[in-house]
Amino acid sequence: MVHEVADVVSRRPYHHGDLKAALLAEAAIILEKEGIQALTLRAAARAAGVSHAAPKNHFGDLTGLLSELAALGFVRFGAALADAMAEAGDDPRQRIKAMGRGYVGFAAAHPGLFALMFRSEALDHDRPALRDAVLNARQALAAAVRARTPDKTMEPLQMAAQATALWSLVHGFAMLLLEGRLNGMIRPLPGNETADTLLDAVLAAIRVGD
């Protein structure tokens, strides 16, 4: 899992001009291994083998570092949703279900990063990188909703309502999964049911995409 998170940015030894990427790579690893409470500018600098003052040149403060890391998370998150829908083919219903699985799958693979991405109090949403990355991820969700009715004009409120409903469902499931609250639901089930099969059943139960 740690190695997956490190893939958000390159862990190659930094050369002139890519210290920022090296610091973000180390920050991602600290976040997943030790939690957000352990992620400081000094910790990232120490892991990257640079002076304690070096991160300030790129991020300014801890909020800047966390915001840039969250931005990278949203970039990868948006790509994961887009890839999931592309692999599902052209059926709008299957694309929406695939996106839901991709959403929860990303959260499960990158729990620390996912939690950071939605901790608004720790982030500066005015930073261009984060603002743009969040917008692109939202557009992937909106695209799935629009694809359901390609021959109809959906009112803005309807589109917002359906996107919000889908987001609420998969985000809530993801948070329950990360907090271990679904274990009591899965454990008594017969057979070899998992969080994945439970998610599929949830999506089917509420007829996502219909």
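The values are calculated or read from the model by the stated rules, or taken from the named source; none is laboratory data. Because the structure is a prediction, the values reported are computed rather than measured. Here the Cβ positions follow ideal geometry from the backbone for every residue, glycine too, while neighbour counts run over all protein chains shown.
A few points about this structure:
- Residue list for the range 106-135, filter: of a type in the set (Gly, Ala, Ser) and crowded, with 22+ Cβ neighbours inside 10 Å: ALA107, GLY112, ALA133
- Checked against the criterion of being of a type in the set (Ser, Thr, Tyr) and in a helix (DSSP H, G or I), the candidates SER67, SER51 yield just one match: SER67.
- Summed over the range 157-172, residues that are in contact with a helix residue (DSSP H, G or I) (Cβ under 6 Å, 6 or more places away or on another chain) and either loosely packed, with under 15 Cβ neighbours inside 10 Å or in contact (Cβ under 8 Å) with a residue 40 or more places away in the chain (or both) total 1.
- Cross-chain or 6+ apart pairs with Cβ under 8 Å, the range 73-99 first and outside any helix (DSSP H, G or I), then polar (S, T, N, Q) and surrounded by fewer than 21 Cβ atoms within 10 Å (Cβ to Cβ): ALA88/GLN94
- The one condition from (1) surrounded by 21 or more Cβ atoms within 10 Å (Cβ to Cβ); (2) in a helix (DSSP H, G or I); (3) modelled with pLDDT under 95 that VAL9 does not meet is (2).
- Subset of the range 116-127 that is at pLDDT 95 or above and assigned to a helix (DSSP H, G or I) - its residue that is farthest from ALA79 (Cα to Cα): LEU116
- Out of GLU87, GLU68, sole residue that is charged (D, E, K, R), in the same structural domain as LEU141 (by TED's automatic domain parsing) and at pLDDT 95 or above: GLU68
- The set of residues in the range 67-91 that are over 14 Å from the mean Cα position of the chain (by Cα) and either surrounded by fewer than 19 Cβ atoms within 10 Å (Cβ to Cβ) or under 18 Å from ALA115 (Cβ atoms) (or both) comprises ALA86, GLU87, GLY89, ASP90, ASP91.
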